[in-house]
Amino acid sequence: MSSDEHLTTAQTAAETIARSVAELTGTPVTVAAVRPRDTRPLTEADAAFLGEPLRPDPHMTEITASFDIGEDRADLWADAAQPTDLLILNLANSLIDIGQEYTGSSPFPPCPGHQHPLVLGHRPGTVYWCCPHNRSQPLHPLYQAGS
Ligand SMILES: [Zn+2]
C-alpha cells in the first residue's frame, strides 16, 4: 500500500470514529486533518539552511490524526499500516482518553444507565462500544470489516 492509500484509510477511520463519538457524547467531534507524521529530525530552520523544503517520507505509514473535540484539538498518532480494525480501536481509545480529559467529569461517552463511560470491545474485524462490566455484549457498532 502506498502512503497515499494509508492516508485515505486513516482519514476514513478517523471520520468513522468522530461520527460515532459525536453521536454518543453529544459533543461536536470532527476530523481537522490527517497527515503523514513528521518523524524526521530536520527542523524548518535546517530546511531553510539547506535550501530545501521538508518532504514527507513516501514510505512512511505513521500518521497524525487531528480531531476537534468541542473547542479543543487533539493530535493523535497512529500507524496506518496496521489492520483497519486495530487502527480504529487504537485511534478511538486515544480519542476517548483525551476527550474525557477535555470534557471533565461526565462519562465520555456515557454508558446507558451507568455512571461510567462506554469502552471499546474488539473481535477480529469488528470494533464496538460496550459496558466495561459486559465487554462481550456490543451496545453500539463502531467498525465492521467489509461493510
Ligand atoms: Zn456500563
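The values are calculated or read from the model by the stated rules, or taken from the named source; none is laboratory data. As the structure is a computational prediction, the values presented were derived from the model and not from experiment. Here the Cβ positions follow ideal geometry from the backbone for every residue, glycine too, while neighbour counts run over all protein chains shown. Surface accessibility is based on the protein's heavy atoms, side chains included, excluding ligands, DNA and RNA. Shrake-Rupley method; radii C 1.70, N 1.55, O 1.52, S 1.80 Å.
Of the strands (runs of 3 or more DSSP E) lying entirely inside the range 78-147, those containing at least 3 residues that are open to solvent by 20 Å² or more (accessible area, probe 1.4 Å) and more than 14 Å from the ligand (Cβ to nearest atom) span 140-144.
Within the range 92-106, the set of residues being within 20 Å of THR16 (Cα to Cα) and not hydrophobic (A, V, I, L, M, F, W, C) comprises ASN93, SER94, ASP97, GLY99, GLN100.
Residues in the range 123-147 that are out of contact with any strand residue (DSSP E or B) (no Cβ under 8 Å at 6 or more places or on another chain) and closer than 21 Å to THR25 by Cα: 2 in all.
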